[in-house]
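The values are calculated or read from the model by the stated rules, or taken from the named source; none is laboratory data. Please read these numbers as outputs of a predicted model, since none were measured by experiment. Note: ideal-geometry Cβ built from the backbone for every residue, glycine included; neighbour counts use all protein chains shown. Each accessible area value is taken on the protein alone, full model and side chains, heavy atoms only, with ligands, DNA and RNA left out. Shrake-Rupley method; radii C 1.70, N 1.55, O 1.52, S 1.80 Å.
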Amino acid sequence: MHLFLLLFIGILPLQAKQPNILMILADDMGYGDLGCYGSRQIETPFLDQLAAAGIRCTDGYVCANVCAPSRAGLLTGRHPQRFGFEHNLNKSFPTLPERLGIPVGQKTIADHLKKAGYRTSLIGKWHVGDSAPGMLPNARGFDYFFGMHSGSHDYFPKAEKNKLFRNKSPIKKIGHPYLTDWFTHEAIDQITVAEKPFFCFLSLNTPHTPMQAKEEDLARFSHLKGKRRQTYAAMQWCMDLNIGKILAHLKKTKQIENTLIV
């Protein structure tokens with residue numbers, strides 16, 4: 001899919017209107033935990049709506065079985081083994097800092113799309129290198145970044161204790177009490193109408209640990225067996241509702257017909 005996006009942009013005639021691109025990634029989500037993939041426990045009406053109106057892939061493969069290298073493959077369109085990124089990042093491992101992430105010489109999808117005239121943004125989880133300044137999102141083709149450099153984060157962040165950044169500046173004031181809602185708010189800010197088309201990578205950490213959900217979402221799944229399963233379902237439900245808010249914004253601003261959503 002990643003390579004298809006690059007090819008799609010590359011073959012557009014110069015006079016054609018370039019489509020907006022919204023890429024949404026969930027973290028550690030079970031393949032069967034969406035309504036459109038057969039779940040009878042977790043309702044995902046907005047993701048199901050996208051599936052019904054688009055193309056649903058029933059055989060999916062990734063280039064790695066753990067988080068960081070699979071993200072590196074998605075962002076570069078290359079097997080991460082080709083540039084020495086085969087395992088999750090481990091800063092305690094004795095190696096050079098520049099090897100703990102996507103090497104600076106590798107181009108990302110944001111690099112390519114920015115060159116093609118796109119406004120580029122990354123909202124959410126990075127986790128493909130922060131050991132050197134040249135590895136951070138703003139140096140890898142993203143005009144705007146809001147989120148965390150690391151692999152996980154508390155879903156109820158505190159002003160005095162969080163790992164969030166806006167571009168290169170640490171966050172000192174909490175905008176929304178629950179992180180998934182906050183990421184959605186930031187994404188909507190980035191997909192407003194502008195002269196340039198947008199590429200927004202909404203890199204959600206939902207439903208990655210820590211298992212934390214809002215009380216109103218937990219109440220919906222109190223019938224499920226096990227606290228962890230209830231929490232997981234509640235986090236998924238919240239994610240789906242937030243994707244619904246993004247779709248509503250795209251419709252309200254009349255961008256939905258010119259936005260490729262993956």
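Report the residue count in the range 155-171 for those that are among the aliphatic types (A, V, I, L, M) and in a loop (DSSP other than H, G, I, E, B).
The qualifying residues number 2.
Out of K172, K163, I need the residue that is touching a strand residue (DSSP E or B) at 6+ places or on another chain (Cβ under 7 Å) and open to solvent by 10 Å² or more (accessible area, probe 1.4 Å). Which one? Lay out the reasoning, then the answer.
Values: K172 fails: touching a strand residue (DSSP E or B) at 6+ places or on another chain (Cβ under 7 Å).
Going through K172, K163 in turn, the sole match is K163.
Quick check: anything in the range 94-116 among the hydroxyl-bearing types (S, T, Y) and over 23 Å from D143 (Cβ atoms)?
Yes, that holds for at least one residue.
Among the residues of the range 137-148, is any at pLDDT 95 or above, under 29 Å from Y232 (Cβ atoms) and assigned to a loop (DSSP other than H, G, I, E, B)?
Among the residues of the range 137-148, not one is at pLDDT 95 or above, under 29 Å from Y232 (Cβ atoms) and assigned to a loop (DSSP other than H, G, I, E, B), which makes the answer no.
Looking at the structure I just gave you, is A64 open to solvent by less than 30 Å² (accessible area, probe 1.4 Å) and out of contact with any Lys or Arg (no Cβ under 8 Å at 6 or more places or on another chain)?
yes
Quick check on my filter: what residues within the range 175-193 are among the aliphatic types (A, V, I, L, M) and open to solvent by 80 Å² or more (accessible area, probe 1.4 Å)?
V193
Among the residues of the range 232-259, how many are touching a residue at least 24 places away in the same chain (Cβ under 8 Å) and touching a Leu at 6+ places or on another chain (Cβ under 7 Å)?
Count: 5.
Would the range 1-23 turn up any residue that is within 30 Å of A233 (Cβ to Cβ), of a type outside the set (S, T, Y) and at pLDDT below 95?
Checking the range 1-23: at least one residue is within 30 Å of A233 (Cβ to Cβ), of a type outside the set (S, T, Y) and at pLDDT below 95.
Just checking, how many residues over the range 81-107 are open to solvent by less than 30 Å² (accessible area, probe 1.4 Å) and closer than 25 Å to F183 by Cβ?
Taking the range 81-107 first, the residues open to solvent by less than 30 Å² (accessible area, probe 1.4 Å) are 83, 85, 100-102.
After this cut, where a residue has to be closer than 25 Å to F183 by Cβ as well, the list is 85, 100-102.
Residues flagged as open to solvent by less than 30 Å² (accessible area, probe 1.4 Å) and closer than 25 Å to F183 by Cβ within the range 81-107 amount to 4.
Working carefully through the options P170, P207, P197, P157, find the one that is touching a residue at least 60 places away in the same chain (Cβ under 8 Å), out of contact with any His (no Cβ under 6 Å at 6 or more places or on another chain) and farther than 26 Å from P45 by Cα. Write out each step before concluding.
Working: P170 fails: touching a residue at least 60 places away in the same chain (Cβ under 8 Å); P207 fails: farther than 26 Å from P45 by Cα; P157 fails: touching a residue at least 60 places away in the same chain (Cβ under 8 Å).
Of P170, P207, P197, P157, the one residue that is touching a residue at least 60 places away in the same chain (Cβ under 8 Å), out of contact with any His (no Cβ under 6 Å at 6 or more places or on another chain) and farther than 26 Å from P45 by Cα is P197.
Residue pairs, Cβ under 6 Å, 6 or more apart or interchain, first in the range 127-139 and of a type in the set (S, T, N, Q), second modelled with pLDDT of 95 or more and surrounded by fewer than 20 Cβ atoms within 10 Å (Cβ to Cβ). List them.
N138/N167
In the range 108-149, what residues are open to solvent by 10 Å² or more (accessible area, probe 1.4 Å) and charged (D, E, K, R)?
D111, K114, K115, R119, D130, D143, listed by residue number.
Can you name the residue in the range 207-262 that is out of contact with any strand residue (DSSP E or B) (no Cβ under 8 Å at 6 or more places or on another chain), β-branched (V, I, T) and outside any loop (DSSP other than H, G, I, E, B) and is also most open to solvent (accessible area, probe 1.4 Å) among such residues?
I256
Looking at the range 185-198, which of its residues are in contact with a strand residue (DSSP E or B) (Cβ under 8 Å, 6 or more places away or on another chain) and among the β-branched types (V, I, T)? Working first, answer last.
Of all residues in the range 185-198, those in contact with a strand residue (DSSP E or B) (Cβ under 8 Å, 6 or more places away or on another chain) come to 186-187, 190-191, 194, 196-198.
I191 - this is the single residue of the range 185-198 that is in contact with a strand residue (DSSP E or B) (Cβ under 8 Å, 6 or more places away or on another chain) and among the β-branched types (V, I, T).
Return the total of residues in the range 53-72 being over 16 Å from the mean Cα position of the chain (by Cα) and not basic (K, R).
Summing the residues that are over 16 Å from the mean Cα position of the chain (by Cα) and not basic (K, R) in the range 53-72 gives 11.
Could we say that D154 is open to solvent by 60 Å² or more (accessible area, probe 1.4 Å) and either under 16 Å from the mean Cα position of the chain (by Cα) or closer than 17 Å to A26 by Cα (or both) here? So that I can check it myself, show each step before the final result.
Details: open to solvent by 60 Å² or more (accessible area, probe 1.4 Å): yes; either under 16 Å from the mean Cα position of the chain (by Cα) or closer than 17 Å to A26 by Cα (or both): yes.
For D154, the condition - open to solvent by 60 Å² or more (accessible area, probe 1.4 Å) and either under 16 Å from the mean Cα position of the chain (by Cα) or closer than 17 Å to A26 by Cα (or both) - is met.
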